[in-house]
Amino acid sequence: MSRPLLIGNWKLYLSPAKSVAVATALRRSVPHTPRVTCVVCPSFSSLPLVAPALKRTDIVLGAQDVGLESAGASTGGIAAADLKALGCRYVIIGHSERRATGETDAITAQKLAVAQAAGLLPILCIGESLAIRRRGKAKAFVLQQLRRSMARWTKGNLVVAYEPVWAISGHGNRGICTPDDALTMAQAIQGVLKTRKRRQGVRVLYGGSVTAATIARYVDGKRIHGCLVGRASTYAAEYGRMVKALTR
Ligand code: PGA
């Protein structure tokens, strides 16, 4: 069984100053050489400040998105190589909060290729809306999203995060995806990866309202290898408790 993976997605919850404060506090709340791979993804504006705060720790830096352009006339662009130079090892791609602004599977697939080419490890997010789940089409939708978003991926390390949109906190959602439902979907995702002989180097995560109290129930080490956590990951003590909960 590979090491569990805990990825904190700080979204825009923390200002740059607060991001540094949380990163500094993580130095105390996360044990040295944890038996969990620990990643945090601060906002873009916070990255250059958080990177030095995490130096000489076992906590790895990630970004929340990447642009398609590498240089030139791209207003607001975010170059993959620059993320790498800032110290990022991971990058979240296709998060539902990005897809809600019009990002398609085709764009996500392109971003995945751009990230890989720059040597960043992509965290590909997929997940259905409540309306789709209510229509009984969740599995078909998620697997199609997976196939399309991975269209340009051939090999290399990849993290796939199953995040049902209706279970993500902060959108007025009250839905909780049970560990059983998450594991069932993860099994289907593993099936697609396996039939395409792509399982090697691919880890599957769950995300959506996970806390220290619930995290261990989602991670069985076979179908789900860790969690992508939003709000709860912005509290250093809670992050530390999640690491502990995943330490077997
Ligand atoms: P949440 O967010 O843990 O706050 O629900 C998860 C995510 O969107 O990655």
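The values are calculated or read from the model by the stated rules, or taken from the named source; none is laboratory data. Keep in mind that this is a model prediction, so the values were computed, not measured. Note: ideal-geometry Cβ built from the backbone for every residue, glycine included; neighbour counts use all protein chains shown.
Of the residues making up the range 93-125, those that are free of Cβ contacts under 8 Å to residues at least 60 places away in the same chain, within 14 Å of the ligand (Cβ to nearest atom) and within 24 Å of residue 191 (Cβ to Cβ) are 93, 94, 99, 124. Looking across the range 213-240, the residues that are of a type in the set (A, V, I, L, M), under 15 Å from residue 4 (Cβ atoms) and more than 12 Å from the ligand (Cβ to nearest atom) come down to 216, 219, 224.
Quick check: anything in the range 50-65 aliphatic (A, V, I, L, M), buried (at least 17 other Cβ atoms within 10 Å of the Cβ), within 16 Å of the ligand (Cβ to nearest atom) and under 22 Å from residue 167 (Cβ atoms)? Within the range 50-65, none of the residues are aliphatic (A, V, I, L, M), buried (at least 17 other Cβ atoms within 10 Å of the Cβ), within 16 Å of the ligand (Cβ to nearest atom) and under 22 Å from residue 167 (Cβ atoms).
Only one of the listed residues (245, 188, 237) is over 17 Å from the mean Cα position of the chain (by Cα), over 20 Å from residue 138 (Cα atoms) and free of Cβ contacts under 8 Å to residues at least 60 places away in the same chain. That residue is 245. Evaluated against (1) surrounded by 17 or more Cβ atoms within 10 Å (Cβ to Cβ); (2) closer than 19 Å to residue 92 by Cα, residue 154 falls short on exactly one condition, (1).
Scanning the range 198-210 finds no residues that are under 20 Å from residue 9 (Cα atoms), over 18 Å from the mean Cα position of the chain (by Cα), within 12 Å of the ligand (Cβ to nearest atom) and among the small types (Gly, Ala, Ser). Residues that are outside any strand (DSSP E or B) and free of Cβ contacts under 8 Å to residues at least 60 places away in the same chain within the range 204-214 comprise 209, 210, 211, 212, 213, 214, listed in sequence order. When residues in the range 161-203 are screened for being part of a strand (DSSP E or B) and surrounded by fewer than 24 Cβ atoms within 10 Å (Cβ to Cβ), 2 of them pass. Is it true that some residue in the range 216-224 is closer than 21 Å to residue 10 by Cβ and at pLDDT 95 or above? Yes: one or more hits. The residues of the range 35-57 that are under 19 Å from the mean Cα position of the chain (by Cα) and at pLDDT below 95 amount to a single one, 35. All conditions in (1) more than 21 Å from residue 48 (Cα to Cα); (2) within 14 Å of the ligand (Cβ to nearest atom); (3) not in a loop (DSSP other than H, G, I, E, B) hold for residue 142, with the sole exception of (2).
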